[in-house]
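Reading through the structure tokens given below for one structure.
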Amino acid sequence: MSTDGNKKQFWKRNTAKVPGSIQHVYGAQHPPFDPLLHANLIKAGNKPPPATPGKPKKATTFQEFESITSDAWDVGDDDDELLAMAAQNLNIEVVMETANKVIENHSKQQEKQRQDDTTELEQREEEEVAEVEEIDEEEEEDRVEEGDVTNPELSFASQSSPYSDGRLVKSHSEAPIGSPKDAALHRQRSLPHRPPVIPLVARMADQNTSGTPAMTEREASRLDKFKQLLTGPNTDLEELRKLSWSGIPRQVRPITWKLLSGYLPANAERRESILQRKRQEYFGFIQQYYDSRNDEHHQDTYRQIHIDIPRTNPLIPLFQQASVQEIFERILFIWAIRHPASGYVQGINDLVTPFFVVYVFEYIEEEVENFDVSSLQEEALRNIEADSFWCMSKLLDGIQDNYTFAQPGIQRKVKALEELVSRIDESVHRHMQQYEVEYLQFAFRWMNNLLMRELPLRCTIRLWDTYQAEPEGFSHFHLYVCAAFLVRWRKEILEERDFQGLMILLQNLPTMHWGNEEVSVLLAEAYRLKFAFADAPNHYKR
């Protein structure tokens, strides 16, 4: 039995770098903005707080910045210790002011969402009651024509009785009720429980995704072009990229993503054999490495993955299923073990979700948000897991310097974003400088999570259609998307007149209603910026 001292140090060993070790990142955790942990509200040293809220202290180096923005569980195991540190180092007035703003903003959003959901639910219930009443009337008319009954109330009572004439009824709760309208309401309540209403921000229904209306003539024509390209003996990848830039139809998105990511070859005859080999190879890694997750030098990695998985798209029931979370744990742990230079980094867990959703669509037609993956055959689930692993690996191969020690790739991109914005919209840039908002404080998450925490998942999938079609889409083109995304909110940014207001806005941008149309406009603006600046870097360097 271990001693108390050993228990205390279980998760806090000061060991050397090992394969799969975790690197902490700023801004990747839920919720996106926590005033009690925000680095810019922490005052230097143990100086007493001034009478008025002071300006936040700038981080002079990335290592210093990183050291003051670690997650809560890295501060200490004792909650009292954490609270004591917070009370000692935080300016209470600034904290309370920020917290009140967050609570007020959150309350307004929740109330609006509640009203929307209530209205939608009432409409559904009214439609169901109307349908039940209509069915009851039709059945009653049929029975009258056949001469079975003459009294509607007597007829309904005879149907409702659980023991009358040996007839089958739904439940004992359906006892005789006074009027057909009451009966309809009573029967409506006894219908099977509907899935919970999904918040708008978490819904997948949009153009080229689930729940779409009938295709327009233009969409049908585009789908035919995709099918012609994909059914040939050798797919023209350059032509496929051009066609995919403006969005990929849901029906052909799985095979198109696999081709554009380099997971599958252009030659159609070789695809099936390569799929089988890669899937077997992945499950070979599972047999070889997954049992080591409880080994001493891998425990930190597995623990961090296990903590982050439930935070992945928490509003979508699909990702809260135990079998889906187990799949994600295997994918992330195997990737971390096979990439010791970076190991697992918070935020990588988000990058699995678009691939997983797209490859689930390969096997289903219905909505994915509430889909029970246990209804799929085991072979289909294994294929989805392996394909998601390999495509995520291909994506991360192009941006791995985002996740190595000190995350140099992200630092370079954030600096380039600052220089680019200073040229394309000097007013926004000067406004942020005036209130001492550092780009690293909000854009770090944009680079680390590829804007996945800023956009609904349906928009991320549409965005990745274009990223897959662009050369270096996830690394180079993403910079211009972030610049266009920031400038898109220039009016709201210029209206904010203090540091706290700007940070709350930038970390909670109102995109919950966005769909394909808004993403397409964003991508068009990003392409314009790339065309203007990509081949003339000195044009935006000071």
### Query
Is there a residue being part of a loop (DSSP other than H, G, I, E, B), open to solvent by 10 Å² or more (accessible area, probe 1.4 Å) and among the polar types (S, T, N, Q) anywhere in the range 335-346?
no
### Summary
The number of residues in the range 355-385 that are surrounded by fewer than 22 Cβ atoms within 10 Å (Cβ to Cβ) and assigned to a helix (DSSP H, G or I) is 11
### Query
Asp291 passes all but one of (1) within 28 Å of the chain's Cα centre (by Cα); (2) without any contact (Cβ under 8 Å) to a residue 24 or more places away in the chain; which number fails?
(1)
#### Entry: Count - residues of the range 219-231 that are touching a helix residue (DSSP H, G or I) at 6+ places or on another chain (Cβ under 7 Å) and surrounded by fewer than 18 Cβ atoms within 10 Å (Cβ to Cβ)
4
### Members of the range 234-249 found to be within 30 Å of Glu518 (Cβ to Cβ) and either aliphatic (A, V, I, L, M) or surrounded by fewer than 20 Cβ atoms within 10 Å (Cβ to Cβ) (or both), listed by number
Leu237, Glu238, Glu239, Leu240, Arg241, Lys242, Leu243, Trp245, Ser246, Ile248
### Query
Mind checking whether some residue in the range 407-427 is among the aliphatic types (A, V, I, L, M) and outside any helix (DSSP H, G or I)?
no
### Task
For residues that are part of a helix (DSSP H, G or I) and touching an Asp or Glu at 6+ places or on another chain (Cβ under 9 Å), scanning just the range 261-285, find the one that is surrounded by the most Cβ atoms within 10 Å (Cβ to Cβ).
Tyr282
### Summary
In the range 294-309, anything over 11 Å from Leu332 (Cα atoms), buried (at least 19 other Cβ atoms within 10 Å of the Cβ) and touching a helix residue (DSSP H, G or I) at 6+ places or on another chain (Cβ under 8 Å) is listed as His298
### Query
Would you call Arg490 under 21 Å from Glu426 (Cβ atoms), touching a Ser or Thr at 6+ places or on another chain (Cβ under 9 Å) and in contact (Cβ under 8 Å) with a residue 40 or more places away in the chain?
yes
### Task
Only helices (runs of 4 or more DSSP H) wholly contained in the range 452-539 count here; list those with 2 or more residues that are outside the structural domain of Lys394 (by the TED database), under 16 Å from the mean Cα position of the chain (by Cα) and modelled with pLDDT of 95 or more.
457-469
### Task
Confirm whether Cys391 is at pLDDT 95 or above and buried (at least 24 other Cβ atoms within 10 Å of the Cβ).
yes
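The values are calculated or read from the model by the stated rules, or taken from the named source; none is laboratory data. Fair warning: this is a prediction, and the values are worked out from it, not measured in the lab. Here Cβ is always computed from backbone atoms with ideal geometry, including for glycine, and neighbour counts include all displayed protein chains. The protein model used for the area step is the full one, side chains on, heavy atoms only, and it has no ligands, DNA or RNA in it. Shrake-Rupley method; radii C 1.70, N 1.55, O 1.52, S 1.80 Å.
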